[in-house]
Amino acid sequence: MVRAVALRRPVDFDDCAALDARDPLATLRDGFCLPEGVTYLDGNSLGALTHSARRRLLDVADGGWGRRLIGGWSEGDWLEAPARVGDRIGALVGAAPGQVVVSDSTTLNLFKLASAALVLRPQRGAVVIPRDDFPTDRYVLAGLGARELRTPERGGLAGAIDGEVALVVLSHVDYRTAELADMAAVTQLAHDAGALVLWDLCHSAGALPVALDACDVDLAVGCTYKFLNGGPGAPAFLYAARRLHDRLRSPIQGWFGHGDQFGFGDRYEPAPGVARFLTGTTGMLGVAALEGALDVWDGVDLAAVRAKSMALGDVLIDLLDGRCAGLGVTVASPRDAARRGSHVALRHPRAGVLADRLAARGVVTDFRPPDLIRCGLTPLYTRFVDLWRAVEVLREELGGGR
Ligand SMILES: Cc1ncc(COP(=O)(O)O)c(C=O)c1O
């Protein structure tokens, strides 16, 4: 088992402070607007506001919309925004330029790409998604009208993928337990059976290095409001491998995905490349906030982000083991940092009440029924001392005393 932080005794407050003092990413926290007195461990649900997102939002409102009015579309850089911002996200998920755009929500992007994938495999009637995968993914897949929906356990994918399968969909990081799937191996498994694979990167983009091109992934979607800090309801992204572009058709033939959008012609002709998956008018305020938020990533080494995320997880688990032992809370995430994404889930029979009590004391986590509390670890702004405080408050709430 890989331990990102190796100590022979339980972690204490001084260890946490020392880890913060030598954290190479520590100054990035200054880029965020974090409220005083709040220990925020929910950036895996909604990332924090960055100063750069706030500035860009105001710029586009005052300077763009406010001053240029409709000219923002014709003279400005708004029409190129989905591809421009898509390429910036592509750089964070291992995609060469021209394969990622931002548009719509994750749900809608999943629908568009999964529908397009099924058309590429007309003889095959089955689609596969792990039964515990995120609900919207399962609902969308169930609604596609495939002859057979296979829902194996996450660990039982191999047995469910055969020559009948058109498409495999799964989350790279499990939203409940943070278990990390092996992208290269699962993609290979699907390809060996002749199936396409679509990865959900909601809990990976900005949380850990992703290698879409290197793993030969076909399709991927993800949101930008978690680890990418794009803001509530920020536009999602989608990835389609360049080798598939010419053959993929979006089920939503919107004018933003048309090859000659302002020709206003009678017939729909898809735009070349991944832009064919755009639908309607880009939500420019949302894209502006996201584009600003991405500035915090300039010059950031994703390997350092991953190293810190693993260390944060290890320290949190050590603190729980050392300070909450016997108080009824157990770790539901993999203990091996190499198999864990960027949150740690705790199991407790009264998790919902506990999460509310923590929030009332300024420790923000989230509750996932029936019995999980998720603690999000966002390496750009989570400190090791935040984990210390969270565990101390948890220990008190569990009756462990001060
Ligand atoms: C793994 C995963 N997929 C999909 C979604 C939903 O995406 P959206 O609401 O942006 O469509 C979420 C939301 O939290 C998620 O965690």
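Remarks
- Only a single criterion out of (1) within 14 Å of the ligand (Cβ to nearest atom); (2) open to solvent by 30 Å² or more (accessible area, probe 1.4 Å); (3) outside any loop (DSSP other than H, G, I, E, B) is not satisfied by Leu285, namely (1).
- With respect to (1) touching a helix residue (DSSP H, G or I) at 6+ places or on another chain (Cβ under 8 Å); (2) under 25 Å from Pro334 (Cα atoms); (3) free of Cβ contacts under 8 Å to residues at least 40 places away in the same chain, the lone exception for Pro97 is condition (2).
- Pro130 falls short on exactly one of the conditions (1) at negative phi; (2) more than 12 Å from the ligand (Cβ to nearest atom); (3) not in a helix (DSSP H, G or I), and that condition is (2).
- Positions within region 50-94 being within 18 Å of Tyr239 (Cβ to Cβ) and touching an Asp or Glu at 6+ places or on another chain (Cβ under 6 Å), in sequence order: Val85, Gly94
- Counting only strands (runs of 3 or more DSSP E) that sit wholly inside region 331-393, those with at least 3 residues that are over 13 Å from Asp314 (Cα atoms) and open to solvent by 10 Å² or more (accessible area, probe 1.4 Å) are 366-368.
- Options Asp87, Asp15, Asp23: the member that is of a type in the set (Asp, Glu), touching a Pro at 6+ places or on another chain (Cβ under 8 Å) and closer than 30 Å to Ala303 by Cβ: Asp87
- Test result for Ala205, out of contact with any helix residue (DSSP H, G or I) (no Cβ under 8 Å at 6 or more places or on another chain) and within 20 Å of Ala114 (Cβ to Cβ): no
- Those residues of region 100-140 which are surrounded by fewer than 24 Cβ atoms within 10 Å (Cβ to Cβ), hydrophobic (A, V, I, L, M, F, W, C) and under 19 Å from the mean Cα position of the chain (by Cα), in sequence order: Leu108, Phe111, Phe134, Val140
- Within this structure, Ala345 fails the test of being of a type outside the set (Val, Ile, Thr), closer than 30 Å to Gln99 by Cα and modelled with pLDDT of 95 or more.
- Among the residues of region 10-43, the one identified as closer than 26 Å to Ala355 by Cα, assigned to a loop (DSSP other than H, G, I, E, B), open to solvent by 80 Å² or more (accessible area, probe 1.4 Å) and touching a helix residue (DSSP H, G or I) at 6+ places or on another chain (Cβ under 6 Å) is Pro10.
- Screening Ala53 with (1) part of a loop (DSSP other than H, G, I, E, B); (2) more than 24 Å from His245 (Cα to Cα); (3) within 22 Å of the chain's Cα centre (by Cα) gives one miss only, at (1).
- Annotation note: Cβ proximity below 7 Å between a residue of region 232-247 that is touching a residue at least 60 places away in the same chain (Cβ under 8 Å) and open to solvent by 10 Å² or more (accessible area, probe 1.4 Å) and a residue that is in a strand (DSSP E or B) and within 16 Å of the ligand (Cβ to nearest atom) (sequence gap 6+ or interchain) occurs for Pro235/Val102.
- A count restricted to region 182-226 and to residues that are within 12 Å of the ligand (Cβ to nearest atom), part of a loop (DSSP other than H, G, I, E, B) and over 15 Å from Gly94 (Cβ atoms) stands at 6.
- Every condition in (1) among the small types (Gly, Ala, Ser); (2) open to solvent by 30 Å² or more (accessible area, probe 1.4 Å); (3) under 24 Å from His258 (Cα atoms) is met by Gly66 except one, and the failing one is (3).
- Unmet criterion (only one of (1) open to solvent by 10 Å² or more (accessible area, probe 1.4 Å); (2) closer than 25 Å to Arg56 by Cβ) for Leu294: (1)
- In region 166-194, residue most open to solvent (accessible area, probe 1.4 Å) [restricted to those that are under 24 Å from Leu346 (Cβ atoms), among the hydroxyl-bearing types (Ser, Thr, Tyr) and out of contact with any Lys or Arg (no Cβ under 8 Å at 6 or more places or on another chain)]: Thr177
- Those residues of region 183-202 which are touching a helix residue (DSSP H, G or I) at 6+ places or on another chain (Cβ under 9 Å) and among the charged types (D, E, K, R), in sequence order: Asp200
- Within region 79-99, the residues that satisfy the criterion of being open to solvent by less than 20 Å² (accessible area, probe 1.4 Å) and assigned to a loop (DSSP other than H, G, I, E, B) are Val93, Ala95, Gln99.
- Screening the candidates Val197, Val221 for the property of being under 27 Å from Ala146 (Cα atoms), within 14 Å of the chain's Cα centre (by Cα) and open to solvent by less than 10 Å² (accessible area, probe 1.4 Å) yields one hit, Val221.
- Number of the condition not met by Ala146 [criteria: (1) at pLDDT 95 or above; (2) buried (at least 18 other Cβ atoms within 10 Å of the Cβ)]: (1)
The values are calculated or read from the model by the stated rules, or taken from the named source; none is laboratory data. Predicted model, so just to flag it, every value in this text is computed and none were measured. We place every Cβ from the backbone using ideal geometry, glycine too, and count neighbours over all the protein chains shown. Please note that ligands, DNA and RNA were not included when accessible areas were found on the heavy atoms of the full protein model with its side chains. Shrake-Rupley method; radii C 1.70, N 1.55, O 1.52, S 1.80 Å.
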